[in-house]
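Below: one structure, written as structure tokens.
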Amino acid sequence: AVLAKNFLQVVAAAYAIEYGSQAERSVVAAARYTEIKQYIEMNLRNPELGPTPIAKALGVSRRYVRLLFAAQNDSVTAYIRRRRLEECAWELGQPLWQGRSITSTASDWGFRSMAHFARAFKGHYGSTPTEFRRAKLTSAAN
């Protein structure tokens, strides 16, 4: 990881020399955005995960974290919610996990409120978690 980081810094510096400081900022911003997304992936199950803990852990401002996501037409909280929903949906669709409660799945992926989870899930997938699970497991059995 250290070698890769150093290599990318050399490439970014060479690019910046060739194309100016604007490119350097964009390379640094892209690297930071990737670093933040990696941090989110490693901490996705933590219900406390949000812009403030991310910024604190990575030594940047909360505003900077939000700006990086805004540049991608996204928000930090929307990205975290979407990733958690994707992980929940994957788990709900697995026959191996069919005996596990939906509440446990939601809780394990950082959702504190089952009502919030159910609304967010239906808004994202167009069906309740129960309906989604039933449809996925029925199609997997056929």
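The values are calculated or read from the model by the stated rules, or taken from the named source; none is laboratory data. For clarity, every value in this text was computed on a predicted model and none was experimentally measured. Don't worry about glycine lacking a Cβ; one is built from the backbone with ideal geometry, like all the others, and counts go over all protein chains shown. Ligands, DNA and RNA are excluded from the accessible area calculation, which covers all protein heavy atoms including side chains. Shrake-Rupley method; radii C 1.70, N 1.55, O 1.52, S 1.80 Å.
Taking the Cα centre of segment 25-66 as origin and assigning +1 to Lys and Arg Cβ atoms and -1 to Asp and Glu Cβ atoms, the resulting dipole is close to 200 debye. Comparing 26, 61, 75 in a Gaussian network model of the chain where C-alpha atoms under 10 Å apart are linked, the largest mean-square fluctuation is found at 26. Here is how the number arises for the chain: DSSP H runs of 4 or more residues each give -39500 (n - 2.57), the sum is divided by the residue count, and the result at 222 nm is -24000 deg cm²/dmol. For the chain, the direction-averaged projected area of the alpha-carbon convex hull comes to 10.9 nm². At full extension, residue 116 and residue 82 could sit 10.9 nm farther apart than now, given 0.36 nm per residue minus the alpha carbon distance. Rolled with a 1.4 Å probe across the full set of protein chains, the surface gives residue 37 an accessible area near 70 Å². Taking 51, 129, 95 as the candidate residues, the one with maximal mean-square fluctuation in a Gaussian network model of the chain, Cα springs under 10 Å, is 95. The 1.4 Å probe gives accessible areas that order 2, 65, largest first, as 2, 65.
Reported to the nearest whole Å, the Cα centre-to-centre distance from segment 49-64 to segment 88-107 is 30. Computed from backbone phi with θ = phi - 60° and the Karplus coefficients 6.51, -1.76 and 1.60, the 3J(HN,Hα) list for segment 111-120 is 8, 8, 10, 5, 5, 5, 4, 4, 5, 5 Hz; x is used for glycine and proline. In this structure, the residue pairs whose Cα-Cα separation is over 31 Å, taken from 5/122; 5/136; 5/56, are 5/122; 5/136.
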